[in-house]
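What follows draws every value from the coordinates through simple rules; no lab data is involved. Note that the coordinates shown come from a computational prediction; the quantities given were computed from them, not determined experimentally. A quick note on method: Cβ atoms are made from the backbone with ideal geometry, for glycine too, and the neighbour counts reach across all protein chains shown.
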Amino acid sequence: MFETYLPVFLMLGVATLVATLMFTLTSLLGPKKPTPEKMIPYEAGSNTTGARHLRLSVKFYLTAILFVVFDIEAVFLYPWASLFRELGWFGFLEMLLFLTILGVTLVYAWKKGALEWEK
Amino acid sequence: MSSSTLLFCVCAFFALAGAVGTVSARRPLRAAMALLAHIVALAGLYLTLHAQLLAAIQLLVYAGAIVVLFVFVIMLIGPASETSGSGRAGMVRMTSLVLMGMVTVTIAFAIVDTDPAAPRLPAGYGDVEGVGGALYTQGLVPFEIISITLLVAIIGAVAVARGKTAVEKQIEAKEKARAEVEARLGEGAAPAPAE
């Protein structure tokens, strides 16, 4: 079984190695001549304005949780799709009920304006 | 050492390191990144348990979506969350130690009870067809309850992010009524509050 996943682990190792090498090499080889001007946070070349921490709108959170819910819905579709023929009509109706309830969820979010960006 | 033992040791090390980092990091974003490392290592541990589908879902949902959600929440809360100064740190530590001890003892009893000569796993255990077959035939009710749970999650999120509570609606109605009265009183009265 682990031979099946060997390419995955190889890729994970290579990706980690490349990322680590990039960061360590740039920090080792790159010249460092800091001046006070260079240490200012860069903001389009002009002097920085506003607070250090920008607070995000709650809209991003709502979009993220909508994504999570429908992501989980999609996860349950994969095993169902691979077993579609074996499960027959029973599996079809079962998934239809599941998707109907999640369709109600989508309609609710839509009607509440959760899908609108500006409000 | 077999390849599965090696995988278990590496993944267990990273899972423990990630878990310790999650609870000990002072900066919330670093804690979230440690949680990401823990989740990826946990996916590797699922592979050692022949739960391939669960490992894939762990990466897809937890590493992909849940960590993103945590990062969003950290960005929403802002720098106020970076200070962890609370006077009850000692009590919290004691409680977590006691809870951890209870979980450890439970796991130890479970391990003692397991039969080492367990029967071999059936073919297809833990893969897409195996899990799907169990879920869509024997686990029908839990599967349908999942959709209702997701519906509740969306209602909660919309209520938190969009909805107005009854108190807020009352305040709004009062302010509207007051603004109308002041507008009727004419220019001599105080100007209506800006919308």
**Asked** What residue among A:Thr49, A:Thr16, A:Thr105 shows peak mean-square fluctuation when chain A is described by a Gaussian network model with Cα springs under 10 Å?
**Response** A:Thr16
**Prompt:** In a solvent-free Debye calculation with one equal scatterer on each Cα, what is log10 I(q)/I(0) for the protein assembly as shown at q = 0.06, 0.13 Å⁻¹, listed in the order of the q values?
**Reply:** -0.36, -1.32
**Message:** Just to be sure I follow the definition: excluding the sites themselves, where is the longest run in chain B that has none of the trypsin sites (Lys or Arg not before Pro) in a DSSP loop with at most 11 other Cβ atoms within 10 Å?
**Reply:** B:27-87
**Prompt:** Nearest 10 degrees, 0 to 90: what angle lies between the long axis of helix A:6-29 and the longest principal axis of chain A (Cα atoms)?
**Reply:** 20 degrees
**Inter-probe distance in nm under a simple model that places probes 7 Å from Cα toward Cβ, at A:Ala19 and A:Lys32** = 2.2 nm
**Fill in**
For the stretch B:1-79, using Cα atoms only, the Rg and Dmax in Å read 13.7, 47
**Asked** Mean residue ellipticity at 222 nm from the helices of the protein assembly as shown, using -39,500 (n - 2.57) per DSSP H segment of n ≥ 4 over the full residue count, to the nearest 500 deg cm²/dmol?
**Response** -23000 deg cm²/dmol
**Additional length obtainable on full extension of the chain from B:Ile148 to B:Leu49, 0.36 nm per residue less Cα span** = 32.7 nm
**Message:** Based on C-alpha coordinates, I'd like the Rg and Dmax of the stretch A:2-111, in Å.
**Reply:** 24.9, 71
**Request:** Putting +1 on Lys and Arg Cβ atoms and -1 on Asp and Glu Cβ atoms, find which of B:Ala51, B:Gly139, B:Leu7 reaches farthest to the positive end of the dipole of chain B.
**Result:** B:Leu7
**Fill in**
Restricted to pairs 8 or more residues apart or on different chains, the lysines in the protein assembly as shown with C-alpha atoms under 30 Å apart form a number of pairs equal to 22
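Checking a compactness column here: for chain B, what do you get for Rg(Cα) / (2.2 N^0.38 Å), N being the number of residues? Walk me through the numbers on the way to the answer.
Numbers: Rg = 26.0 Å, N = 195, 2.2 N^0.38 = 16.3 Å.
So the Cα radius of gyration is 1.59 times the expected 2.2 N^0.38 Å.
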**Prompt:** If you take the beta carbon distance between B:Thr106 and A:Phe9 as r and set R0 to 30 Å, what does 1/(1 + (r/R0)^6) give as a FRET efficiency, to the nearest 0.05?
**Reply:** 0.40
**Message:** Just to confirm the number: angle between the C-alpha axis of helix B:3-24 and the first principal axis of chain B, 0 to 90 degrees, nearest 10?
**Reply:** 30 degrees
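May I ask you to list the GluC sites (Glu not before Pro) in the stretch A:13-119 that are in a DSSP loop and have at most 15 other Cβ atoms within 10 Å of their Cβ?
Within the stretch A:13-119, the qualifying GluC sites (Glu not before Pro) (loop, at most 15 other Cβ atoms within 10 Å) are A:Glu37, A:Glu43, A:Glu116, A:Glu118.
Would you please give the FRET efficiency between B:Leu140 and B:Met94, computed as 1/(1 + (r/R0)^6) with r the Cβ-Cβ distance and R0 = 35 Å, to the nearest 0.05?
The calculated FRET efficiency here is 0.20.
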**Item:** Spin-label model distance (nm) - B:Lys169 vs A:Leu99, 7 Å beyond Cα toward Cβ
**Value:** 3.5 nm
